[in-house]
1. Could you check how many residues of region 1-48 are under 22 Å from ILE66 (Cβ atoms), open to solvent by 60 Å² or more (accessible area, probe 1.4 Å) and within 17 Å of the chain's Cα centre (by Cα)?
2. For region 22-55, name all the residues that are touching a Phe, Trp or Tyr at 6+ places or on another chain (Cβ under 8 Å) and modelled with pLDDT under 85.
3. So, of the residues in region 57-70 that are open to solvent by 90 Å² or more (accessible area, probe 1.4 Å) and in a helix (DSSP H, G or I), which turns out to be nearest to THR17 (Cα to Cα)?
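The values are calculated or read from the model by the stated rules, or taken from the named source; none is laboratory data. Computed from a predicted structure; not experimentally measured. In this analysis, Cβ positions are derived from the backbone assuming ideal geometry, glycine residues included, and neighbour counts consider all displayed protein chains. Note: areas computed on protein heavy atoms with side chains; ligands, DNA, RNA excluded. Shrake-Rupley method; radii C 1.70, N 1.55, O 1.52, S 1.80 Å.
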Amino acid sequence: MEIINSYKALKGSLFRTLIYTIGHFIIAATCVMYITGADFATAMTDAIVEPLLNAVWFFVLDRLWIANGN
């Protein structure tokens with residue numbers, strides 16, 4: 001029951017985080033390939049690792065924002 005309550009409380013933040021992360025994958029891979037000329041595998045590695053770290057950062061910021069009543 002606690003997991004369900006936690007999910008309900010975080011649902012909005014989790015959804016926004018997911019959308020942000022998917023967009024970042026696409027943008028990051030495109031930029032790496034275009035700017036550096038990297039191959040697809042290298043660009044996708046960067047496009048996955050870096051935005052996952054950003055997603056965690058965004059989630060923390062979003063939770064702090066909500067906790068402060070903004």
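1. Summing the residues that are under 22 Å from ILE66 (Cβ atoms), open to solvent by 60 Å² or more (accessible area, probe 1.4 Å) and within 17 Å of the chain's Cα centre (by Cα) in region 1-48 gives 8.
2. The answer is PRO51, and nothing else.
3. Among them, the one singled out is TRP57.
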